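Chemist: Here it is, the structure, as structure tokens.
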Amino acid sequence: MATALLRSTAFFFVYFLLIFNIADSQSFIGINYGEVADNLPPPSATAKLLQSTSIEKVRLYGADPAIIKALANTGIGIVIGAANGDIPALASDPNFAKNWVNANVAPFSPASKIILITVGNEVITSNDQNLMNQLVPAIQNLHNALNSMSLGDIKVSTVHSMAVLRQSEPPSSALFHPNYMSVLKGLLEFNNATGSPFTINPYPYFAYRSDPRPETLAFCLFQPNAGRLDTNTNIKYMNMFDAQVDAIRSALNSMGFKNVEIVVAETGWPYKGNGDEVGPSVENAKAFNGNLIAHLRSMVGTPLMPGKSVDTYLFALYDEDLKPGPGSERAFGLFKPDLTMTYDIGLLKNGQNTPAAPKTPVTTPSSPANPSAKAPTSPKPNAGGGSWCVPKGGVSNAQLQANLDYACGRGIDCSAIQPGGACFEPNTIAAHATYAMNLFYQTAGRYPWTCDFSQSATLSSKNPSYNGCNYPGGST
């Protein structure tokens, strides 16, 4: 009897310790830290903010040394990124990969806990065959470089959009798109061999935008709803997030990669947008993010991956006020530049307040503020039959640089404006930004709102191509 009582007491003691630790720290909750902004607090203040929350991982889109240094000795896991433009050199030159690691990893590890390097962003769905073919060799060379420097614990992968799937409903029937299979096979073999994750960007927000019915909203926000039955498995899905993640799980399983881990690199919901945007609001954003965190903390998992929570990086830590596109693009931040919460979703540790904002904030290089862009409700065809997206006259170099960074960071191939590329000369911000903005517009559906860039761009019927530099163009 005494032994049984002792075991029972020990069990409950461990149980309460576990609950206490879960309340203060969740290794499965991460956040994206974008920098397309001119009003961000200094990295040191952000590091203190993160330590006051249950967020344990941060994803950077590049490898900003100031941020990586600020996170040293915090125990916070860091994901850093190699740009799409780095892929050709990483793939063709092992020495370039070693130099990249020497510049962006070796000086900071192990004090800064770098756990993953993502190579490129949504490369496979960019439909740039050359870049796609270079992706796996680039990842392999970076992995080899890490191993050669005794940094092999750092994993290497790439980030995918949900468009990598040919179909996703019902989740059990999900398959990868046949156009991507040759690259995916090599990538997944690498993921499987090295233990690196398959990272995805599922956004229930975009699913609701394409089907804005009340029942869809409830399904996307983890709110009471009738659910959606997968007739192949007889599983009833009660939220879009689980359905999207399990669709990826099914597609991986169908290719024989049941052991490859899934990581959610981005997901979120904007708290405001333009008047003609469907879905953005504080109420919806708070419901989605708050309910998602509660779902992750429950450790229920998804129907196909029960009993564990997928590592999930919320989008985003702060608003990025220089991002082009509709107003919602600049309204995903969970915290404001003064370090206060945009809205409360229970991320702060028990009994803690957000740290006070510094009296004299250090910001990223100053750029002029930009008004929220208002996307047209429908495309307006160009009478000339061809159209190119170009900057408006008088746009500042700071805004052009922000446009360039945004466009090249969204999965398009900017190698033409890299040294040696057909469009590298003239080597000016204006020329490079014009090329990137147009390429983004052409590959993102040629809608007017994809040539907005915070109202700094316009459509032109005049082809800006010159010499051997070809600007893609098409009819709207």
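Chemist: Answer yes or no: is there a residue in the stretch 178-191 that is among the polar types (S, T, N, Q), at pLDDT 95 or above and either under 21 Å from Arg59 (Cα atoms) or surrounded by fewer than 17 Cβ atoms within 10 Å (Cβ to Cβ) (or both).
Modeler: Looking for residues that are among the polar types (S, T, N, Q), at pLDDT 95 or above and either under 21 Å from Arg59 (Cα atoms) or surrounded by fewer than 17 Cβ atoms within 10 Å (Cβ to Cβ) (or both), one finds at least one in the stretch 178-191, hence yes.
Chemist: Determine the pairs where a residue that is free of Cβ contacts under 8 Å to residues at least 40 places away in the same chain and farther than 10 Å from Gly268 by Cα, located within the stretch 313-339, has a partner that is surrounded by 24 or more Cβ atoms within 10 Å (Cβ to Cβ) and of a type in the set (D, E, K, R) with Cβ atoms under 9 Å apart, the partner being 6 or more residues away or on another chain.
Modeler: Lys336/Asp319
Chemist: Run down Gly275, Gly279, Gly307 and say which single residue is at negative phi and either of a type in the set (Gly, Ala, Ser) or not assigned by the TED database to the domain that holds Asp242 (or both).
Modeler: Testing whether each residue is at negative phi and either of a type in the set (Gly, Ala, Ser) or not assigned by the TED database to the domain that holds Asp242 (or both) leaves just Gly275.
Chemist: Provide a single number: the residues in the stretch 192-216 that are in a helix (DSSP H, G or I) and open to solvent by 50 Å² or more (accessible area, probe 1.4 Å).
Modeler: The number of residues fulfilling the criteria is 7.
Chemist: Moving to a separate point now. Considering each residue of the stretch 161-176, count those that are touching a Leu at 6+ places or on another chain (Cβ under 6 Å) and over 18 Å from Asp242 (Cβ atoms), and give that number.
Modeler: Here the count works out to 2.
Chemist: Tally time: how many residues in the stretch 25-48 are within 30 Å of Gly301 (Cβ to Cβ) and touching an Asp or Glu at 6+ places or on another chain (Cβ under 8 Å)?
Modeler: Result for the stretch 25-48: 8.
Chemist: Restricted to the stretch 322-347, and to residues that are of a type in the set (D, E, K, R) and open to solvent by 40 Å² or more (accessible area, probe 1.4 Å), which residue is farthest from Asn438 (Cα to Cα)?
Modeler: Asp344
Chemist: May I ask you to verify whether Lys57 is assigned by the TED database to the domain that holds Ser112, of a type outside the set (A, V, I, L, M, F, W, C), open to solvent by 40 Å² or more (accessible area, probe 1.4 Å) and at pLDDT 50 or above?
Modeler: For Lys57, the condition - assigned by the TED database to the domain that holds Ser112, of a type outside the set (A, V, I, L, M, F, W, C), open to solvent by 40 Å² or more (accessible area, probe 1.4 Å) and at pLDDT 50 or above - is not met.
Chemist: Go through (1) touching a Phe, Trp or Tyr at 6+ places or on another chain (Cβ under 7 Å); (2) crowded, with 20+ Cβ neighbours inside 10 Å; (3) not in a strand (DSSP E or B) and name the single condition Asn225 misses.
Modeler: (2)
Chemist: Can you tell me which residue in the stretch 228-272 is least open to solvent (accessible area, probe 1.4 Å), limited to those that are over 18 Å from Thr302 (Cβ atoms) and free of Cβ contacts under 8 Å to residues at least 60 places away in the same chain?
Modeler: In this case the residue turns out to be Gly256.
Chemist: Could you please find all residues in the stretch 298-315 being open to solvent by 20 Å² or more (accessible area, probe 1.4 Å) and among the β-branched types (Val, Ile, Thr)?
Modeler: Listed by number, the list holds a single entry, Val300.
Chemist: Let me ask something else. May I ask you to list the residues in the stretch 169-182 that are hydroxyl-bearing (Ser, Thr, Tyr) and over 23 Å from Asp128 (Cα atoms)?
Modeler: Ser172, Ser173 - these are the residues of the stretch 169-182 that are hydroxyl-bearing (Ser, Thr, Tyr) and over 23 Å from Asp128 (Cα atoms).
Chemist: Quick check on the stretch 65-86. Is at least one of its residues in the same structural domain as Leu40 (by the TED database), more than 22 Å from Asp311 (Cα to Cα) and surrounded by 23 or more Cβ atoms within 10 Å (Cβ to Cβ)?
Modeler: Looking for residues that are in the same structural domain as Leu40 (by the TED database), more than 22 Å from Asp311 (Cα to Cα) and surrounded by 23 or more Cβ atoms within 10 Å (Cβ to Cβ), one finds at least one in the stretch 65-86, hence yes.
Chemist: Between Thr434, Thr458, which is surrounded by 22 or more Cβ atoms within 10 Å (Cβ to Cβ), among the β-branched types (Val, Ile, Thr) and within 10 Å of Cys389 (Cα to Cα)?
Modeler: Working: Thr458 fails: surrounded by 22 or more Cβ atoms within 10 Å (Cβ to Cβ).
The unique qualifying residue is Thr434.
Chemist: Which condition number does Phe219 fail, the rest of (1) in contact with a helix residue (DSSP H, G or I) (Cβ under 8 Å, 6 or more places away or on another chain); (2) surrounded by 22 or more Cβ atoms within 10 Å (Cβ to Cβ); (3) not in a helix (DSSP H, G or I) being met?
Modeler: Among (1) in contact with a helix residue (DSSP H, G or I) (Cβ under 8 Å, 6 or more places away or on another chain); (2) surrounded by 22 or more Cβ atoms within 10 Å (Cβ to Cβ); (3) not in a helix (DSSP H, G or I), the lone unmet condition for Phe219 is (3).
Chemist: Continuing with this model, one more query. Can you name the condition, by its number, that Tyr406 falls short on among (1) touching an Asp or Glu at 6+ places or on another chain (Cβ under 7 Å); (2) at pLDDT below 90; (3) among the hydroxyl-bearing types (Ser, Thr, Tyr)?
Modeler: Result: Tyr406 fails condition (1) only.
Chemist: Anything in the stretch 135-177 that is open to solvent by less than 50 Å² (accessible area, probe 1.4 Å), of a type outside the set (Gly, Ala, Ser), assigned to a helix (DSSP H, G or I) and over 13 Å from Ile248 (Cβ atoms)? List them, or say none.
Modeler: Hits for the stretch 135-177 are Leu135, Val136, Ile139, Asn141, Leu142, His143, Leu146.
Chemist: While we're here: Could you check the stretch 286-297 and list, in sequence order, the residues that are closer than 16 Å to Pro224 by Cβ and either open to solvent by 60 Å² or more (accessible area, probe 1.4 Å) or of a type in the set (Gly, Ala, Ser) (or both)?
Modeler: Ala287, Gly290, Ala294
Chemist: Select from the stretch 412-431 the residues that are of a type in the set (A, V, I, L, M) and in a loop (DSSP other than H, G, I, E, B) and write down the one among them that is least open to solvent (accessible area, probe 1.4 Å).
Modeler: My answer is Ile412.
Chemist: Regarding Ser460, is this residue modelled with pLDDT of 85 or more and in contact with a strand residue (DSSP E or B) (Cβ under 8 Å, 6 or more places away or on another chain)?
Modeler: When the stated conditions are applied, Ser460 passes them.
The values are calculated or read from the model by the stated rules, or taken from the named source; none is laboratory data. What you see is a predicted model, and the numbers here were worked out from it, not measured in a lab. Reconstructed Cβ throughout: ideal geometry from the backbone, glycine too, with neighbour counts over all protein chains shown. Surface areas here come from the heavy atoms of the whole protein model, side chains and all, with no ligands, DNA or RNA. Shrake-Rupley method; radii C 1.70, N 1.55, O 1.52, S 1.80 Å.
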